[in-house]
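For reference, the structure is listed below as structure tokens.
The values are calculated or read from the model by the stated rules, or taken from the named source; none is laboratory data. Here the structure is a predicted model, which is why all the values come from computation and not from measurement. Here Cβ is always computed from backbone atoms with ideal geometry, including for glycine, and neighbour counts include all displayed protein chains. The protein model used for the area step is the full one, side chains on, heavy atoms only, and it has no ligands, DNA or RNA in it. Shrake-Rupley method; radii C 1.70, N 1.55, O 1.52, S 1.80 Å.
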Amino acid sequence: MDIKKLSQLIRDRRAMPPRFFNKNKVGAELIEQILENANWAPNHKKSEPWRFIIFRGESKSKLAQHILDNHIKDYKAGVSVNPEKAEKFKANADKSDAIITIIMERDTSGRLPEWEDIAAVSCAVQNMWLSATAMGLSAFWSTPAFIETLGDYLGLSPNQRCLGFLHLGYSDIDLPSPGRGSVEEKTKWMD
């Protein structure tokens, strides 16, 4: 791939809300390729802190219902939780063909600060997102506040943390570019 094609792929990536997804199915082989590309993200000291749980079909519905049920219960108990966020997640899950749960697994040796693991996982997500774009898929990374409450449901160990969900599907619409401010305004050259 030449730099012009790569640059165009980067510019074509969009956060496509699942409400715009159609009913077309994402093949397992595409998801496997997306995950393989995620696995090649840069990371310090070969920590490879990314982990993924894929929800499709009935498991996706059960995840959404678990979130909805627990948020309503927490809200009724006086815990400051917005049940509208849980309802929105359920609607997004219903429209998504697959949901990739993004998990960071901390290096228990303490060799790296947490921000480096978060950065590496974020690079893995960028690889997934660009791969999805190249495949003609739509993707949306959601990071609702309730992800902090899902450790038991997801079976996370104490050194793991959910960093959100990458919703996958197909869409019949193209979102316009949100544009970017000038890179010159964000850059300082030191010669």
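Ligands, DNA and RNA aside, Arg106 has an accessible area near 60 Å² when probed at 1.4 Å. Sequence-distant contacts, meaning Cα pairs under 8 Å at least 6 residues apart, place the relative contact order of the chain at 34 percent. Across all directions, the average flat footprint of the convex hull enclosing the Cα atoms of region 1-52 is 5.6 nm².
Averaged over its residues, region 31-73 has an accessible area of 58 Å² per residue, based on protein heavy atoms and a 1.4 Å probe.
Taking Cβ atoms as reference points and 12 Å as the exclusive limit, the residues near Thr101 contribute a net charge of +4, counting Lys and Arg as +1 and Asp and Glu as -1. Helical content of the chain, expressed as a calculated mean residue ellipticity at 222 nm, amounts to -13000 deg cm²/dmol (DSSP H runs of 4 or more residues, -39,500 (n - 2.57) each, divided by residue number, nearest 500).
The Kirkwood hydrodynamic radius of region 1-110, based on inverse pair distances between different Cα atoms, is 16.9 Å.
Taken along its principal axes, the alpha carbon cloud of the chain reaches lengths of 59, 46, 36 Å, longest axis first.
Residues with amide H under 5 Å of Asn24's amide H, sequence separation 5 or more or different chain, H placed in the peptide plane at 1.01 Å from N; which? It is Tyr170, by chain and number.
In whole Å, what is the distance between the alpha-carbon centres of region 41-69 and region 113-191? What the calculation gives is 13 Å, centre to centre. Volume per residue for region 145-191 equals 211 cubic angstrom (convex hull of Cα atoms). A simple rule links phi to the HN-Hα coupling: the Karplus curve 6.51 cos²θ - 1.76 cosθ + 1.60 with θ = phi - 60°, which for region 156-167 gives 6, 7, x, 8, 10, 8, 6, 10, x, 9, 9, 7 Hz, with x for Gly and Pro. For Ile53, Ile100, Ile10, the ranking by accessible surface with the largest value first comes to Ile10, Ile53, Ile100, using a 1.4 Å probe. In plain terms, the bigger the Kirkwood radius, the slower the diffusion; for region 100-191, with that radius from Cα pairs, at 25 °C and 0.890 mPa s, Stokes-Einstein puts D at 154 µm²/s. Of Arg51, Arg11, Arg180, the order by accessible heavy-atom surface (1.4 Å probe, DNA, RNA and ligands excluded), from most exposed downward, is Arg180, Arg11, Arg51.
Determine the share of the chain's accessible area contributed by carbon and sulfur atoms, expressed in whole percent, with a 1.4 angstrom probe. Answer for the chain is 53 percent, counting heavy atoms of protein chains only.
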